[in-house]
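In what follows, a structure is listed as structure tokens, so that the remarks can point back to it.
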Amino acid sequence: MCLSLKAAAHEHFRELALLRRARDRIDREPALDVEALARGAGMTAAQFLRRFRDAYGQSPHAYRRAALAARTLTFDRVLETR
């Protein structure tokens with residue numbers, strides 16, 4: 001593997017780790033502030049939105065909605081079994 005390819009792979013994995021931290025923050029924090037998430041990942045808001053969508057297949061807002069819906073369904077199922 002050439003040196004530039006190794007450097008690119010290293011940068012890609014570093015970026016994925018930053019996006020994973022942002023995704024975890026989306027799960028924990030009730031208010032979604034894309035600017036703050038982008039700053040935390042060291043990107044502009046446009047870069048963050050584009051890379052988040054590339055990594056997870058949806059925007060941060062869509063991810064949050066889907067995660068909330070999944071939690072709601074899980075909670076409803078737990079209540080039904082009681």
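The values are calculated or read from the model by the stated rules, or taken from the named source; none is laboratory data. As the structure is a prediction and not an experimental result, all values here were calculated from the model. As a convention, Cβ positions derive from the backbone with ideal geometry for all residues, glycine included, and neighbour counts pool all protein chains shown.
Structural remarks
- Considering (1) assigned to a loop (DSSP other than H, G, I, E, B); (2) touching a residue at least 40 places away in the same chain (Cβ under 8 Å), the lone condition that Asp27 does not fulfil carries the number (1).
- Residues that are without any contact (Cβ under 8 Å) to a residue 12 or more places away in the chain and among the charged types (D, E, K, R), drawn from the range 51-82: Arg53, Asp54, Arg65, Arg71, Asp76, Arg77, Glu80, Arg82
- Across the range 14-24, the number of residues qualifying as touching a residue at least 12 places away in the same chain (Cβ under 8 Å) and out of contact with any Leu (no Cβ under 8 Å at 6 or more places or on another chain) comes to 6.
- Residues in the range 40-82 that are modelled with pLDDT of 95 or more, assigned to a helix (DSSP H, G or I) and over 12 Å from the mean Cα position of the chain (by Cα): Ala45, Ala46, Gln47.
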